[in-house]
Amino acid sequence: MRRLGFLLLASLVSLGCRYRGLPEGFFVYPIEEGAVWYYEEDVPPDYPDSLPVPLDSIVVLKETLITVLDTADGDVIPVEVKAWRVRKQHESSYAGLITDTNTVFFHGSFIKEWLPTEGLFPDSVPYGDRTIYFTYTDDSVLVNWLPLYVRPGIEWKMTRSRGSIIIGEDTCALVLDVWAIARGYEDIEYDPTYDRFGGRKYYEKSIRVDYYIKGGICNLDVEITLLKIWWKSGVGPVKNVALTSSDSLVTYLVGFTR
C-alpha cells in the first residue's frame, strides 16, 4: 500500500501545474522530458556593459529508470523508479561554461538528485574574521532537495559528505551533514537585464529553503548557510543564492519552457 501511495504521488507530480486542487503545502515539480529552465545572474551595478550577462540552464534530456534501495517490512530491497537525466549549464566569467549531467527522481516523498560534490559545496566560506576551507572525499552525493509535502518550519537532512576542514592551523576529518529548513513563503520579483524571455518576473508565494551545516567543527561551534533556494510550486526553483568564498552568487528564473 505504501508503494502504491508513492506511485500515485509521483503520478500527480508528473502532471505539473496542469493538475489543480492539490492540498496546501503539496509541491508540484513539473519535470518532464524537454523541459528547460533558464536563469540569469543578478550582476552588480558596475558590471561592464561589454560583457554578456551569464545565463544558466537546466535541460531535461530524457526519462529513464534507476534502481534505488527501499524498505518494506523491515527488509531493504531494490526498487525501480522513474527518473530524468538533466543537463545543468553554468556560465562562469572565470571558468567558462561548466556542464554537469545529473539524475533527478522522486523517492520517499522527496525530490532527489545525484550530484557531483564539486560545485555543490563551496571550497571555502567566510566565518567571522576567518576563512574555513573544505576538501571532499566523495565524488558525488545524493541530495534531498525538497519534500513533496512541505510547510514552513519543516527540517530534514539534505545530504551527507565526507572530507576535511581546514581552519587556520587545524585540519579536521569529518562527516559533513547538510541540513535544510523551510523558512516560509515569499514573493520573488526580478527585472531581467535583457528581455530574452519577456520583462519583469514575479513568482508569488515561493517557499524559501535554507541548506546549512551546523555543529562542532574542529574547535568551533558553527552554523553556516551554504545555499538558499526559493521554490515555486508548479514552476520549480525561481531564485538561488549560493555562498562563495568572497561573495554570494544570485540567480533568478527568467524563462521556462515545456
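We did not get these values from a lab; they are worked out from the coordinates using the rules stated. These numbers come from a predicted model, not from an experiment. Positions of Cβ are backbone-derived with ideal geometry, glycine not excepted, and every protein chain shown enters the neighbour counts.
Sort region 78-134 into rounded, prolate or oblate with this rule: let a ≥ b ≥ c be the square roots of the eigenvalues of the Cα gyration tensor; rounded if a/c is under 1.5, and if a/c is not under 1.5, prolate when a/b is larger than b/c, oblate otherwise.
Working: a/c = 3.81, a/b = 1.65, b/c = 2.30.
Verdict is oblate for region 78-134.
How much length is gained on full extension from TRP156 to VAL79, taking 0.36 nm per residue of separation minus their Cα-Cα distance? Working shown, then result.
Details: separation 77, 0.36 × 77 = 27.72 nm, distance 2.29 nm.
Net length gain for the segment: 25.4 nm.
Which FRET efficiency value, to the nearest 0.05, do you get for VAL175 and VAL250 by plugging their Cβ-Cβ distance into 1/(1 + (r/R0)^6) with R0 = 41 Å? Please list the in-between numbers first.
Working: r = 30 Å, r/R0 = 0.72.
My answer for the efficiency is 0.85.
Could you give the semi-axes, largest first, of the ellipsoid that matches region 2-257, computed as the square roots of 5 times the alpha carbon gyration tensor eigenvalues and rounded to whole Å?
Over the Cα atoms of region 2-257, the ellipsoid semi-axes are 28, 26, 17 Å.
Loop sites only, by DSSP: take the chymotrypsin sites (Phe, Trp or Tyr not before Pro) in the chain that have at most 16 other C-beta atoms within 10 Å and name the longest stretch containing none of them.
Longest gap between qualifying sites, sites excluded: 95-193.
If I take every Cα pair under 8 Å that is 6 or more residues apart in the chain, average their sequence separation and divide by the length, what percent do I get for the relative contact order?
Values: 580 pairs, mean separation 44.0, N = 258.
It comes to 17 percent, rounded to a whole number.
Over the Cα atoms, compute the radius of gyration (one decimal) and Dmax (the largest Cα-Cα distance, rounded to a whole number) for region 131-258, in Å.
17.0, 51
Would you work out the Kirkwood radius for region 190-258? I mean one over the mean of 1/r across all pairs of different Cα atoms, in Å.
Values: mean 1/r = 0.0712 Å⁻¹.
One decimal place: 14.0 Å for the Kirkwood radius.
Using amide H atoms built 1.01 Å from N in the peptide plane, name the residues 5+ places from LEU176, or on other chains, whose amide H lies under 5 Å from its own.
Correct list: SER161, ARG162, GLY163.
Restricting to DSSP H runs of at least four residues, report the calculated mean residue ellipticity at 222 nm for the chain, -39500 (n - 2.57) per run over all residues, nearest 500 deg cm²/dmol. Don't skip to the end; give the middle numbers.
Working: 2 runs with 17 residues, N = 258.
Result for the chain, helices only: -2000 deg cm²/dmol.
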